[in-house]
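A quick write-up on the structure given underneath.
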Amino acid sequence: MPLVKILALLLSLLVILYLAWKRPGTLVSLLAAAIAFDISTEFYPSLHLLGRELGTVSLTRLVTMGVFAAALYQLWRSRERRAGFRRLLRQPLSIAVLIYIGVGAFSVIYSIGRGQTVLEVIRLLSLFALFLGLGVLIDGTQVRRVFQAVHWVGLALVPLALYEAATRRFIWHSSLAEGQIARVNATFVDPNIFARYLVLAITANLVLQLTAKGSSRKAVYYASLFALLGGLAVTLSRSGIVTLACVLAALAILVPKRDILLPMGLLAAAGLAIVLSRPTVLNRLSTLKEGLAALDAQRQYLWQASFAMFKSHPVFGVGLGGFQKSFLTHYSALKTVPEGATLSHTTILTIAAELGSMGLLALLYVWICLLKLIINLRAKPLQDYAYGVGYFLWVGTVFISSQSEARFFEDPIIWISMAMLLFLAGRKEPEGKSKLGITTD
């Protein structure tokens, strides 16, 4: 078996390196698809010599390495790419992200866990490098293909999700099938992360519908839309359903066009029908009254600890990545569940606790830059604006979802979306394309 895993690793590396050399742009959409396969860690050998963190090999990490290799090669051979790279570094969004990383790096001075802080800074810098690499590789053909990749991969996982829900036979993490409620995870490590990916796929579907030509193609997207909703329903993810509702509301405001409002209305009607016809889904949703993240005993004490850390360290926090050590060292008395979690699962509270007001302000600046990009894209042709809204809402999807499951900056979708937004904002306007008028037709 180890030999099979080694061969799988070598074959994957060969394919990715070939794409990096011959078709570097395809790595962007491949990365978006690879995110769906947490299970890929089971297909590759673990490189124990590099430690637990670096030694875990996944398809996402391999494609990320391909992006780095392809970007470096393109920068070496193309003066135009190097000029574009310098422009990318000067973008306000790039500067905003670097400021956030800088706040985290500064916290090394006072952090309660300096070793962990250094690791977190390295992680953020590597993700920022991924963002820059994607910015080098992105071209016009990838703008739509990334949406297609996430849409079709998400759709392909729906039959597996329905099978798991019907049979309680999970292909990975079978412990999730135990108990009264079986929450499907398909190829993901967690059902809520699977739900997040399905919300991304639904958003991609709606954007693709708006820019698709031909009634037959739109009919396929309609059918796919309801299938994706069915997959989301069987995850029984409260955060996923709340995230979808927020994304649909934002989409209706940003693109109030009949071509997108009609499928959204049908989607909402189908969702209501599913909730009313399936008591299990209705019962799960009923717990939302306890809070956005289903505020159970574990989350209560984690939230209390976050507030306590912020109150004690309101400006700089306890240090990037220092939540767990600070909690176990100074706030363990708040823990009411003996075997409960010690890591925060809420992005905003985690940042508030670890980086204080400085971290929150840095995060706010990132969002201001994103909002400016989407506002500027209103002057672009409808197609570019629609794509921009889709990528903006992808960032929003991960952000909203991360309030219950964390993984905000850690999710590669964030960096793909930001790189795409900058590409769309800087793309020359095609001749003959009309400006977008935001009116309901």
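The values are calculated or read from the model by the stated rules, or taken from the named source; none is laboratory data. In this text the structure is predicted, and so the values were computed from the model without any measurement. Every residue, glycine among them, receives a Cβ derived from its backbone with ideal geometry; neighbour counts consider all protein chains shown. We work out accessible area using only protein heavy atoms, side chains counted, and drop any ligands, DNA or RNA first. Shrake-Rupley method; radii C 1.70, N 1.55, O 1.52, S 1.80 Å.
Take each uninterrupted DSSP H stretch in the chain, measure its Cα extent along the helix axis, and return the ones at 15 Å or beyond whose mean Kyte-Doolittle hydropathy is at least 1.6.
Numbers: long enough: 2-22 (30 Å, 2.04); 59-77 (27 Å, 0.91); 79-90 (17 Å, -1.56); 92-106 (20 Å, 2.09); 114-137 (34 Å, 1.51); 140-167 (43 Å, 0.69); 191-211 (30 Å, 1.20); 215-235 (31 Å, 0.89); 238-254 (24 Å, 2.11); 258-277 (28 Å, 1.69); 297-312 (23 Å, -0.38); 347-376 (33 Å, 1.82); 382-405 (34 Å, 0.38); 412-426 (21 Å, 2.09).
Correct list, ordered by number: 2-22, 92-106, 238-254, 258-277, 347-376, 412-426.
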Counting only DSSP loop positions in the range 15-108, the chymotrypsin sites (Phe, Trp or Tyr not before Pro) whose Cβ has at most 16 other Cβ atoms within 10 Å are F43
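Compare the peptides 182-193, 110-121 by average per-residue count of other Cβ atoms within 10 angstrom and give them in order, highest first.
Values: 182-193: 22.1, 110-121: 18.7.
Final packing ranking: 182-193, 110-121.
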Helix-only mean residue ellipticity at 222 nm, the chain, DSSP H runs n ≥ 4 weighted -39,500 (n - 2.57), per residue, nearest 500. What is it? -24000 deg cm²/dmol
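Please state, as a whole number in µm²/s, the translational diffusion coefficient that the Stokes-Einstein equation yields for the range 137-220 at 10 °C and 1.306 mPa s, with Rh defined as the Kirkwood radius across alpha carbon pairs.
Numbers: Rh = 14.3 Å.
Answer, rounded: 111 µm²/s.
In what sequence, highest mean first, do 221-234, 164-177 appear when ranked by Cβ atoms within 10 angstrom? Let's see the in-between values first.
Working: 221-234: 21.0, 164-177: 14.6.
Highest to lowest by the protection proxy: 221-234, 164-177.
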Packing-based ranking, highest mean first, of 132-138, 256-262 given that Cβ atoms within 10 Å are counted: 132-138, 256-262
Solvent-free Debye scattering, log10 I(q)/I(0), computed from the Cα coordinates of the chain at q = 0.07, 0.08, 0.13, 0.14 Å⁻¹: -0.35, -0.47, -1.33, -1.54
What's the carbon and sulfur percent of the chain's accessible surface, probe 1.4 angstrom, rounded to a whole number? 65 percent
